1. Here are some conditions: (1) open to solvent by 60 Å² or more (accessible area, probe 1.4 Å); (2) in a helix (DSSP H, G or I); (3) without any contact (Cβ under 8 Å) to a residue 60 or more places away in the chain. Residue 50 meets all but one. Which one does it not meet?
2. If I ask for residues that are touching a residue at least 12 places away in the same chain (Cβ under 8 Å) and open to solvent by 80 Å² or more (accessible area, probe 1.4 Å), which ones from the range 13-47 would you list?
3. Looking at 98, 76, which is the one that is at pLDDT below 75 and closer than 19 Å to residue 26 by Cβ?
4. Is at least one residue of the range 3-21 within 16 Å of the chain's Cα centre (by Cα) and assigned to a loop (DSSP other than H, G, I, E, B)?
5. Here are some residues: 53, 33. Which one is within 22 Å of residue 100 (Cα to Cα) and either at pLDDT below 80 or among the hydrophobic types (A, V, I, L, M, F, W, C) (or both)?
Amino acid sequence: EERHLTGRVPLSEIGNLLRACGHYPTEREVDDIVHEVAAGGADSVDFDSFLRIYINHRPAVGISNASIAAAFDALGANNGGGCPIPTSELLRVLQSHGEAIAPDDLAQCLRALCGVSSLDEAFNADCLDAK
């Protein structure tokens, strides 16, 4: 069957398209963007509209080394070596603060970042190291 490309992206795919461009908005931010566009009566966007969305909603600047260091300090990573953040505490924080992350999504992230096969394996580890 021949594909017919319209040059438009459905609003339901805006989050995925933003992520493909390197911007990782929360689901709430994606919902806000979709509602903003849908309020104008659109159910899809063309390239020019998407470009405006991307420019208006992406972070103005990148993450600095100082902000990364501050995040590590806030999580207790600079506590003198060893395992900087106990695994159970890290997983607890990831599942209870900010936007909730589903257990399956967390397991997928841990598989990609640390090579663990399940949340149970992660919870039983004393320390998680990046691959």
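1. (1)
2. Residues satisfying the conditions are 27, 28, 29, 43, 47.
3. Exactly one residue qualifies, and that residue is 98.
4. Initially, the range 3-21 is screened for residues within 16 Å of the chain's Cα centre (by Cα), giving 13-21.
Next, from what is left, pick out any that are assigned to a loop (DSSP other than H, G, I, E, B): 21.
Within the range 3-21, one or more residues are within 16 Å of the chain's Cα centre (by Cα) and assigned to a loop (DSSP other than H, G, I, E, B).
5. On the way: 53 fails: within 22 Å of residue 100 (Cα to Cα).
Only one candidate passes the filter, namely 33.
The values are calculated or read from the model by the stated rules, or taken from the named source; none is laboratory data. Just so it is clear, the structure is predicted and the values come from calculations on it, not from any experiment. Cβ coordinates were reconstructed from backbone atoms using ideal geometry, including for glycine residues, and neighbour counts include every protein chain displayed. For the accessible areas, the whole protein counts, side chains as well, though only heavy atoms, and no ligand, DNA or RNA atoms are used. Shrake-Rupley method; radii C 1.70, N 1.55, O 1.52, S 1.80 Å.
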